[in-house]
Amino acid sequence: MRTMTSSARALAARAGAVALAMPMLLGGAVPASAPVLAHAMTPAIGSGAQYEPLGTAEDMGIVHFGCQLASPPTCYGPDQIYDAYNIKSVLEAGFTGTGRTIVIIDAFQSPTLLTDLARFDFLWNLPAPTLKVIVPWSPTNTPTPFDPLDGSQVNWSAEISIDVEWAHAIAPGAAIDLVLAKSAADADMLSVTKYAIDRNLGDVISQSFGEAERCADPQLIQQEHALFGEASDKGITLFASSGDQGAAQQTCDGSSFSSSASTPASDPDVTAVGGTRLTTAGTNGAYQSESAWSTGLGATGGGFSAIYRRPGYQAPLQDNNKQRGVPDVAFDGDATNSGVITVWSVLAAPNKFMYWRFGGTSAGSPQWAGIVALADQKGGQRLGAINKSVYHIGKSEAYGAAFHDVTAGDSGCNVVACKGVFVQGFTATPGWDAATGLGTPDVAHLIPLLL
């Protein structure tokens, strides 16, 4: 595969007014996150720029990307993820999420989403989903105009691409409602989340964004918690990314990093998703091992809440008797060593597609949402909040069959990922830990235990 075209490089360069030219494994530059202000969410994928370009394509002849053919692979397509997490047999049995709806909450928009999704589906022979793009705050259902020079908007467009494409990859029969906020401000994000829950739009909601708990307006936190309780009462399952700077989050002015859990992941009604480095035996995706994700680009988010006490479902498995611990579960998230291939063409030349290796806990939340859509279809009803169920499994004899217990690595945020600050992380240990939670799923064995 070729690297970025000169046209794409030129676009990235023009974005330099708000962007940082980052060294990539395969070359290129992408806009960095705009400064983070108090009371605004950051897309997990943009908090540490968890994506790397794989190149562009001018024809329809791609079969495999070079990183898929490495030994072990350093990127994965859907077929490999199906094998690694034992999803293939579920899909082959006819459980594809049909009749279920995944709601994805994001901000701004992605102007190339529809063509990118069609290209993604073509590459892996996936059916086109029923996709609704909903802009609740706009009378004409028109999202915020896209500004390619705004680094925050560019990062959110990347987030939208991975959320939609990979929720669809895991549950190809499920409908998707993409609900877009006017901006990333907490109030705007909460407003569209409330719209989705009040109208009962879907069975499961994915939230691949967050911020340090201390940076959120306490009144909005209270409103959000009440809203999540309403979602649970309606049988809606909630997921959120746990963050991409290990045990750290950006300070409220965006100038540095400090130890903090991420909201909304820390809410006890939400299932928080951490990240791992997945290693498979070959291109077929045969599972080999995992470790907590931690590289110079970022690390799996996790830690202990300063807002919420430890919920009862965690009591048997985590020994901090005061604070809610996150994450609850994990999924592949290492953009450098085991990222997932995503089509995102915002930085490409006109009428060209661009492929990226995406990672971070952004990748895990929508894929876990897809898993619940499969389970909802198989069980014939909504699972609702799953934390009690997964922790019950975590203390049972079935744990080893339902989860890959990740016991290697840690979630430390080094001075590169945290911009000159080192934040001590948490070590992956047997059972639950604040780096990878209960671990990653063996989906075919997990789903029957959730029903």
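Worth pointing out:
- Here Pro72 clears all of (1) closer than 29 Å to Asn200 by Cβ; (2) in contact (Cβ under 8 Å) with a residue 12 or more places away in the chain; (3) not in a helix (DSSP H, G or I) except the condition numbered (1).
- Filtered residue count, segment 191-213, keeping only those that are over 21 Å from Val135 (Cβ atoms) and charged (D, E, K, R): 3
- Of the strands (runs of 3 or more DSSP E) that lie entirely inside segment 314-382, those containing 1 or more residues that are closer than 16 Å to Ala158 by Cβ, in contact (Cβ under 8 Å) with a residue 40 or more places away in the chain and in contact with a Cys (Cβ under 8 Å, 6 or more places away or on another chain) span 339-343, 353-358.
- Exactly one residue out of Ala174, Ala187 is among the small types (Gly, Ala, Ser) and either under 19 Å from Ile81 (Cβ atoms) or surrounded by 24 or more Cβ atoms within 10 Å (Cβ to Cβ) (or both): that is Ala174.
- Where Leu383 falls short, out of the listed (1) farther than 22 Å from Thr279 by Cα; (2) in contact with a Pro (Cβ under 7 Å, 6 or more places away or on another chain): (2)
- Total residues in segment 220-241 satisfying the condition of being closer than 28 Å to Ala435 by Cβ and polar (S, T, N, Q): the figure is 3.
- Cβ-Cβ under 8 Å pairs, at least 6 apart or on other chains, segment 263-274 side free of Cβ contacts under 8 Å to residues at least 24 places away in the same chain, far side part of a strand (DSSP E or B): none
- Residue in segment 286-295 that is crowded, with 24+ Cβ neighbours inside 10 Å and acidic (Asp, Glu) present: yes
- Criterion applied to Ser305, Ser266, Ser255 was being touching an Asp or Glu at 6+ places or on another chain (Cβ under 9 Å), small (Gly, Ala, Ser) and part of a loop (DSSP other than H, G, I, E, B), and the one residue passing it is Ser266.
- Looking only at residues of segment 383-402 that are assigned to a helix (DSSP H, G or I) and of a type in the set (Gly, Ala, Ser), we find that the one that is nearest to Asp121 (Cα to Cα) is Ala402.
- Test for Asp442: is it closer than 20 Å to Ser241 by Cα and either surrounded by fewer than 19 Cβ atoms within 10 Å (Cβ to Cβ) or of a type in the set (D, E, K, R) (or both): yes
- Those residues of segment 79-100 which are on the phi < 0 side of the Ramachandran plot, crowded, with 20+ Cβ neighbours inside 10 Å and not in a helix (DSSP H, G or I), in sequence order: Tyr85, Ile87, Phe95, Thr96, Arg100
- In segment 230-253, the residues that are surrounded by fewer than 17 Cβ atoms within 10 Å (Cβ to Cβ) and more than 23 Å from Pro366 (Cβ to Cβ): Asp233, Asp253
FYI, it's all coordinate maths here, none of it is from the lab. Just so it is clear, the model here is predicted, and its values are computed rather than measured. Cβ: placed from backbone, ideal geometry, glycine included. Neighbour counts: every protein chain shown.
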